[in-house]
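The structure appears below as structure tokens.
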Amino acid sequence: MSGSGLRVAVTGPTGDIGVAALRALDASPAVGRVVGMARRPFDPAAHGLSAKVGYQRGDVLDRASVAALVDGADVVVHLAFIVVGDRGEARRINTEGSRNVFEATVAAGVGRLVYTSSVAAYGFHADNPQPLTEDVPPRATESFYYSAHKAALEDVLDDCVAAAATEAWVFRPCIVAGPGALTLIETTVRMLPVYGQLRLVRQALDRVPLLGPVLPDPGMEFQLVHTDEVAAALRAAVEGIGPPGRYNLAGPGTMTVGRMARACGWRSVPVPGAAVGALGAVAGRVPGLPPEIGWLNAFRAPTLMDTAKARRELGWEPRSDAESTLRETVAAARAAGVL
Ligand SMILES: NC(=O)c1ccc[n+]([C@@H]2O[C@H](COP(=O)([O-])OP(=O)(O)OC[C@H]3O[C@@H](n4cnc5c(N)ncnc54)[C@H](OP(=O)(O)O)[C@@H]3O)[C@@H](O)[C@H]2O)c1
């Protein structure tokens, strides 16, 4: 990497958060060069990015590719992950791939490591304090691979940087959405046929017959954060604003499945939260179900986060609330033919 300003290496720049992160880093006067790495072909110029942003294809499971990416970087941003996917592939990429990135970053003497953990690291537990602050220790929901990976990787990261010169900024975003982040809608659309077959939904429909797609609504509130606001927090960390540490990220306000269903032009039926939770707990062990079903675990218990620390330490000011973030996401999903 060459040029003045910070040299930033980004894994997973092609995903929901990644493209927004590239835009935010491109716009940062403190950043001189950004190089992203993921597996698919990707042209930064086609996304309106300047020549400051480069891209190379590579896999985080390939230690040589990771070492080459982080060599000479001032900051590494690690986003590469399997959020929804095959359990086996997710385990390898999330755990081995992330360890490769953490170890290579430390071995290369990189000063700053920025990593997106998740609200899922806290686990979805009825006895979690509400709202969650960063002082609450992660306690994974072990039956949900994503939650287990996120909690375990925070420990792995701590071990990797413990005796190193590398400082780590670890973000715990809630569900991310926005016009460039359609995963929330895409995964929900893929789950619609499954929801239609669930006994708890069919029983509810017997009482209130409805036509068209239906979401089971446990009535629980959840948070949303806009990709651009996550990118703003990542940029702050890349620039070295605020102390290293853990930071919750969530936009103002909350969402429910019922309100989301209406925004998508669907219906919802009230179902007992405990039943959705029980389903989530066993879902990962039932063959033939889509991997998205694991996300039902997120509805086992309310898991709302306090974001005062990011606001105070990083000057982070999310302006998009849950309603407006969802509205933008739904409009983009309609334009893209996802809805
Ligand atoms: N989206 C959310 O709601 C959310 C919430 C909280 C935290 N997070 C965290 O934020 C990070 C980014 O999430 P996202 O929503 O942007 O995910 P995403 O849209 O699924 O993108 C994942 C990225 O990882 C890359 N990737 C996957 N496997 C890879 C491999 N073996 N080698 C190199 N790159 C690989 C993908 O590119 P290729 O497929 O081209 O390789 C893509 O760029 C993840 O750590 C995620 O857990 C996301």
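Descriptive notes on the structure:
- Every residue from region 56-77 that is crowded, with 16+ Cβ neighbours inside 10 Å and within 24 Å of Ser118 (Cβ to Cβ): Gly58, Asp59, Val60, Val66, Leu69, Val70, Ala73, Val75, Val76, Val77
- Leading residue by the ranking (least open to solvent (accessible area, probe 1.4 Å)) among those in region 41-52 that are within 23 Å of Ala233 (Cα to Cα), touching a residue at least 24 places away in the same chain (Cβ under 8 Å) and not charged (D, E, K, R): Leu49
- Output for region 135-151, where each listed residue is within 15 Å of the ligand (Cβ to nearest atom) and farther than 14 Å from Ala298 by Cα: Pro138, His149, Ala151
- Filtered by the rule that a residue be at pLDDT 95 or above and aromatic (Phe, Trp, Tyr), region 101-145 gives Phe102, Tyr115, Tyr122.
- Taken residue by residue, region 190-206 has at least one member that is within 16 Å of the ligand (Cβ to nearest atom), modelled with pLDDT under 95 and not polar (S, T, N, Q).
- Filter result for Ala80 (closer than 28 Å to Val225 by Cα, open to solvent by 10 Å² or more (accessible area, probe 1.4 Å) and among the hydrophobic types (A, V, I, L, M, F, W, C)): yes
- Test for Ala310: is it in contact (Cβ under 8 Å) with a residue 40 or more places away in the chain, closer than 30 Å to Pro243 by Cβ and not polar (S, T, N, Q): yes
- Number of positions in region 117-127 that are touching a helix residue (DSSP H, G or I) at 6+ places or on another chain (Cβ under 9 Å) and open to solvent by 10 Å² or more (accessible area, probe 1.4 Å): 3
- Failed item in (1) touching a Leu at 6+ places or on another chain (Cβ under 6 Å); (2) within 30 Å of Ser28 (Cα to Cα), with Leu279 passing the rest: (2)
- The criterion of at least 3 residues that are open to solvent by 10 Å² or more (accessible area, probe 1.4 Å) and assigned by TED's automatic domain parsing to the domain that holds Ala27 is met, among helices (runs of 4 or more DSSP H) falling completely within region 234-314, by 308-314.
- So Leu113, is it open to solvent by less than 10 Å² (accessible area, probe 1.4 Å) and closer than 21 Å to Gly58 by Cβ: yes
- All positions within region 1-27 that are of a type in the set (S, T, N, Q) and surrounded by 19 or more Cβ atoms within 10 Å (Cβ to Cβ): Thr11, Thr14
- Residue that is touching a Phe, Trp or Tyr at 6+ places or on another chain (Cβ under 7 Å) and modelled with pLDDT of 90 or more, where the choices are Met255, Met260, Met305: Met255
- For beta carbons closer than 8 Å, sequence separation of 6+ or different chains, a first residue in region 53-75 that is under 20 Å from Arg92 (Cβ atoms) and basic (Lys, Arg) and a second that is open to solvent by 30 Å² or more (accessible area, probe 1.4 Å) and within 14 Å of the ligand (Cβ to nearest atom), the qualifying pairs are Arg57/Arg39; Arg57/Arg40; Arg57/Pro41; Arg57/Phe42.
The values are calculated or read from the model by the stated rules, or taken from the named source; none is laboratory data. Bear in mind that the values here come from a model prediction, so they are computed numbers and not experimental data. Virtual Cβ from ideal backbone geometry, glycine too; neighbours counted across all protein chains shown. Areas reflect the complete protein model, heavy atoms only, side chains present, ligands, DNA and RNA absent. Shrake-Rupley method; radii C 1.70, N 1.55, O 1.52, S 1.80 Å.
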